[in-house]
Amino acid sequence: MKEVKIESTFFIYDSLEDIPVDVQLLMKQAVEAREKAYAPYSNFYVGAAILLDNGEVIIGNNQENASYPSGLCAERTAIYYAGAKYSKAKILKMAITAASQNQKTTNPIPPCGACRQAIAEYEVKQNVPIEIYFMGETGNIAKSNSLSNLLPFVFNKSNL
Ligand code: THU
């Protein structure tokens with residue numbers, strides 16, 4: 001028997017002014033997307049903006065449904081839209097922000113497990129790491145240089 005440790009690295013920025021200017025703009029678009037989220041059941045609003053290597057930005061937000069499981073998270077809405085619209089483009093960066101009507105989100109809100117799995121699919125497909133920045137409504141911003149920090153020991157096509 002041996003013990004295996006997998007290390008994940010994140011970077012924490014104190015405020016938006018500290019992140020690279022292009023990501024500030026990306027996060028701004030994520031905020032705009034968040035404000036348009038359709039979340040009447042959870043009152044939890046999430047926005048995502050994706051920068052592609054062709055310069056295009058694709059946004060997404062959570063879309064809820066009276067039949068709860070039929071809804072979709074912001075990150076997957078965005079990444080599937082990117083995959084549908086620019087199937088050959090590579091995803092360089094993703095900015096995510098979440099706000100709640102119940103409490104002020106002041107710490108980074110990471111993508112849920114299902115979204116991590118979806119993002120992993122594209123990272124494996126394009127063989128280029130995706131930078132992921134995530135935040136609450138205000139406060140500090142977390143950055144991962146690759147999805148793999150968020151989903152170690154991933155299941156992917158190499159397992160099939
Ligand atoms: N949600 C996202 O959009 N992204 C996540 O990563 C976590 C959760 C949405 C789904 C649902 O509409 C609401 O937030 C509450 O879970």
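Using packing as a proxy for protection, rank 135-146, 100-111 so that the peptide with the highest average count of other Cβ atoms within 10 Å comes first.
135-146, 100-111
Report in % the part of the accessible area of the range 1-136 that belongs to carbon and sulfur, leaving out ligands and nucleic acids; probe 1.4 Å. It would help to have the intermediate numbers written out before the result.
On the way: 3970 of 7580 Å².
On the range 1-136, the fraction of accessible area on carbon and sulfur atoms equals 52 percent.
Which ³J(HN,Hα) values, rounded to whole Hz and listed in residue order, are derived for the range 73-90 from phi using the Karplus coefficients 6.51, -1.76 and 1.60 in 6.51 cos²θ - 1.76 cosθ + 1.60 with θ = phi - 60°, glycine and proline given as x?
Whole-Hz 3J(HN,Hα) from phi for the range 73-90: 5, 4, 5, 6, 4, 5, 6, 6, 5, 4, x, 6, 7, 10, 5, 9, 6, 9.
Lysine pairs in the chain 8 or more apart or on different chains: how many have alpha carbons under 23 angstrom apart?
25
Got the relative contact order for the chain handy, in percent, Cα pairs under 8 Å and 6 or more residues apart? Don't skip to the end; give the middle numbers.
Values: 334 pairs, mean separation 38.0, N = 160.
Averaging sequence separation for qualifying contacts and normalising by length gives 24 percent for the chain.
Using the Karplus curve 6.51 cos²θ - 1.76 cosθ + 1.60 with θ = phi - 60°, work out ³J(HN,Hα) for each residue of the range 22-32 in order, rounded to whole Hz, and write x for Gly and Pro.
Going residue by residue, I get 5, 6, 4, 5, 5, 5, 4, 5, 5, 5, 4 Hz, with x marking Gly and Pro.
Between L92 and residues 5 or more places away or on another chain, which pairs have amide H atoms under 5 Å apart, with H built 1.01 Å from N, and which residues are they?
For L92, the qualifying residues are L51, L52, D53.
DSSP beta bridges in the chain, what fraction antiparallel, as a percent rounded to 5? Mind showing how you got there, number by number?
Values: 22 of 28 bridges.
Looking only at bridges with both residues in the chain, the antiparallel portion is about 80 percent.
Can you give me the three principal axis dimensions of the range 10-148 from its C-alpha atoms, in Å, biggest first?
38, 36, 23
Under a Cβ-only charge scheme (Lys and Arg +1, Asp and Glu -1), can you give me the dipole magnitude of the range 7-92 about the Cα centre, in debye to the nearest 20? Each step should come with its number before you reach the end.
Details: 7 positive and 11 negative charges, 96 e Å.
With Lys and Arg at +1 and Asp and Glu at -1, about 460 debye.
Work out from phi, with θ = phi - 60° and the Karplus expression 6.51 cos²θ - 1.76 cosθ + 1.60, the ³J(HN,Hα) of each residue of the range 148-157, listed in order in whole Hz, and give x for Gly and Pro.
4, 5, 8, 9, x, 6, 5, 8, 8, 4
Could you do me a favour and compute the accessible area per residue for the chain, 1.4 Å probe, result in Å²? Kindly include the intermediate steps, with their values, before the conclusion.
On the way: 8950 Å² over 160 residues.
Dividing the accessible area of the chain by its residue count gives 56 Å².
The values are calculated or read from the model by the stated rules, or taken from the named source; none is laboratory data. Since the structure is predicted, the reported quantities are computational estimates derived from the model, not experimental observations. Note that we place each Cβ from the backbone using ideal geometry, even for glycine, and neighbour counts take in every protein chain shown. Note: areas computed on protein heavy atoms with side chains; ligands, DNA, RNA excluded. Shrake-Rupley method; radii C 1.70, N 1.55, O 1.52, S 1.80 Å.
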